[in-house]
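Structure, as C-alpha cells:
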Amino acid sequence: MSNFSGLNTSVTGLFAHRQRIDTISENIANVDTPGYTRQRTELTSIDTKYPGLFSGSGGQNAGVNADVVRQWDELLDSAAKQALSRSSELETQARILDGIEAELGSLAPGNLADKLQQLWNSFDDLANDPADLAVRNVVLGNVENVASELRAEAAALDQLRSREVQQLTDGVTRVNELASTIAELDLGIAAGTAAGAAPSGLIDQRNRLVTELTSLVNASVGYDGNGQVRVLVDGHLLVGQGQAQTIKLEAVSDPSLGPLGYDRFAVTGSNGRELNLTGGKLAGELVGVNELVPQHRRALDDLAASIITSTNALHQAGTALDGSTGLSLFDPTSLSATTISVSADVAGRPSKLAASNGSGALDNSVARSLATLGSDPSGPSTMQAKMIADLGSQLATLQSRSEAASFSFQRAEGSRQSAAGVNLDEELSDLISSQRAYEASARMISAIDEMLDTLINRTGLVGR
C-alpha cells in the first residue's frame, strides 16, 4: 500500500455501518408507530477516479457513503388512499341505512306491523258486536296507536337525519383543520429539504394526515418536485405550496325535498362552487341526508297516506250508531306520517264509528271490510311489509358492497405496508449484517494501525 487511503476507507465504513445500525434501531423502535414509514440506508462507493485522458491509473480507495431513504411507493400509497376513500363512503352509507332499518324495521313487540294487526283485529271484534261501546273504545285506541307509531317513526327519521347533518358539519370542520395542518407541515418539509436535511418524521406525520383526509373526501394527492404535496377535491385546490383553502357545508333549497321539510346539503369550495364528492365519509353522509333518509321518509308518508285513504273510504261509506254517515276515521287533511291523527269526527266518540252500511242495526259489513284490509294484497299491511322487505334488501346490498370495498382497501393497504412497513425479521437480518460489516471496518483499522507501527517503528533500525 503506497498511501494511507485505506485508513480513510475503513473510517467511512465505520460511519456508514453505524448509520445503518442507527436506522435499523429506529425502524425497530417504531414498528408499532401508526403511519411510520420504514427507512433504509443505501450504501454507495465513493469514487476518486473519473474516466478521462489524464485520470491516470489507480484504484478507487475513497470508501463508502451512506444515504438514508424512506421506503415509500407513491403508486401503492395512492392506491391505498383511493381504496380507503371508497370504503369509507360505502361504510357510512351502510351505517346510515342500518340506522333507518333500526327505526322502521323493528321486530320488537308493539312495532307498527303489530299495531296495524291489532287495529284490523279490533275491527273484526267490532263486526262481531257492532253495538258494544267497549269494543268501540278499543278500536279508537288502536287507531290512535297506529297514528302515534307513524308519527314516532317519522320523528325518529328526522332526528337521525339531524344527527347526520351534524356529522357532516363536524366532518367539514375536520377537513379544514387537516388542510391547515398539512400546509404547515409542508412548509417545514420544504425548509428541511432545502437545508439538506431528511425530515422523515414530518413527512410521515403529513402522510398520516393526508390519509385521514382521504378517508373524509375523495382527495386527489400529488407531489411537487421539492416534495410538497398538492391536494385537490373535485378540482378544488385544498392544499398547495404550503397554503390551505377551505370548504363549507351549505343548505340549498330543493323542491323535491321541500314537502318533507328538508333542505339539500352541499359541500362547496372557497369560491362557492359545489363540489362533487365521489368518495370518503362526507360523500356517504351527503348520500344519507339527501337521498337515503328522504327516500324512506317518503315511503313512510306513502304508507300513512294509504292507511288514511283506504280506511276513510270504507268508513265514510258506513253508518254510525246514531245514523250519521260520511265520517272520517283519520284526519283526511293530514296525509303524512308526521301529521297523521285521529279524525275529529270520531275522536273520543265511539258511537260515531261506522260498522254498518245502514241496512240495519245488526249489519256489520263496513267493520268486516275494514278488518279485511289486513289481508288485502294491496292494503296497508302488505304495503308496510313490502316497505320493510325493500329496506332490508337495500341494506343487504349496501353492506355487501361495503364489505367488498373494505376487502379491497385491506388488500391495497397490505401492499403498501409490504413496501413501507417494518418487518422485524428483515431488520434483524440487516442488523447482523451491519454489525459484522462494522466489526470488519474496525478490524481493518486495527490492521492498518499495526502495519503503520511496523513501518514506522520497526524498520530502518539496522546500523543504529
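Read-outs: derived from the displayed coordinates by stated rules, not from any lab. Note that the structure is predicted; figures quoted are calculated from it, not measured. As a convention, Cβ positions derive from the backbone with ideal geometry for all residues, glycine included, and neighbour counts pool all protein chains shown.
Numbers for the structure displayed
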| read-out | value |
| --- | --- |
| Estimated FRET transfer efficiency (ASN128, GLU101; beta-carbon r; R0 51 Å; 0.05) | 0.85 |
| Estimated FRET transfer efficiency (THR325, GLU144; beta-carbon r; R0 30 Å; 0.05) | 0.85 |
| Ranked by how many other beta carbons lie within 10 Å on average, peptides 174-185, 371-382 from highest | 174-185, 371-382 |
| Residues PHE265, PHE407, PHE330 arranged by fewest to most Cβ contacts within 10 Å | PHE407, PHE265, PHE330 |
| Percentage relative contact order, region 78-413, counting C-alpha pairs under 8 Å, at least six apart | 27 |
| Relative contact order of region 302-356, defined on C-alpha pairs under 8 angstrom at six or more residues apart (%) | 40 |
| Hz values of 3J(HN,Hα) by residue in region 226-231 - Karplus curve (6.51, -1.76, 1.60), Gly and Pro given as x | 8, x, 6, 8, 10, 10 |
| Residue-averaged [θ]222 nm for the chain, counting only DSSP H segments that reach four residues, each worth -39500 (n - 2.57) | -20500 deg cm²/dmol |
| Length-normalised contact order for region 264-357 - Cα pairs under 8 Å, 6+ apart - percent | 23 |
| Over region 216-334 - Rg/Rh using Cα atoms and the Kirkwood inverse-distance radius | 1.36 |
| Spatially proximal lysines relative to LYS81 (Cα-Cα < 16 Å; intrachain offsets below 8 disregarded) | LYS281 |
| Difference of contour (0.36 nm per residue) and Cα-Cα distance, ARG40 to LEU362 | 106.5 nm |
| Gain in span if fully extended, ALA198 to ARG163, counting 0.36 nm per residue against the direct Cα distance | 8.2 nm |
| Where labels lie 7 Å past Cα in the beta-carbon direction, separation of ASP67 and LEU424 in nm | 3.2 |
| Full-extension gain in nm, SER351 to ALA440, via 0.36 nm per residue minus C-alpha separation | 21.3 nm |
| FRET efficiency, LYS248 to GLN295 (Cβ-Cβ, R0 22 Å, nearest 0.05) | 0.30 |
| Estimated vicinal HN-Hα couplings, Hz - region 247-255 in sequence order (Karplus 6.51, -1.76, 1.60; Gly, Pro = x) | 10, 9, 9, 10, 8, 10, 5, 9, x |
| Protection-proxy order for peptides 283-293, 434-444, each taking the mean of Cβ atoms within 10 Å per residue, highest first | 283-293, 434-444 |
| Amide H contacts under 5 Å for SER341, placed H, 5+ residues apart | ASP331 |
| Calculated semi-axes √(5λ) of the Cα gyration tensor in Å (choose from (1) 37, 25, 22; (2) 33, 29, 21; (3) 82, 22, 14), label | (3) |
| Axial C-alpha extent at least 27 Å, average Kyte-Doolittle at least -1.0 - helices from the chain (DSSP) | 5-29, 74-104, 133-194, 293-316, 380-420, 424-457 |
| Sequence ranges 409-416, 424-431, ranked by mean other-Cβ count within 10 angstrom, highest first | 409-416, 424-431 |
| Inter-label distance for LEU452 and ALA404, nm, one decimal - labels placed 7 Å from Cα along Cα-to-Cβ | 7.1 |
| Label zone at GLU212 (point 7 Å along Cα-to-Cβ), backbone N below 18 Å, region 79-100 | 81-82, 84-85, 88-89 |
| Spin-label pair ASP170/LYS386, simplified geometry with 7 Å Cα→Cβ offset, distance in nm | 3.9 |
| Tensor-based shape of region 338-400 (alpha-carbon gyration tensor, a/c under 1.5 rounded, otherwise prolate or oblate) | oblate |
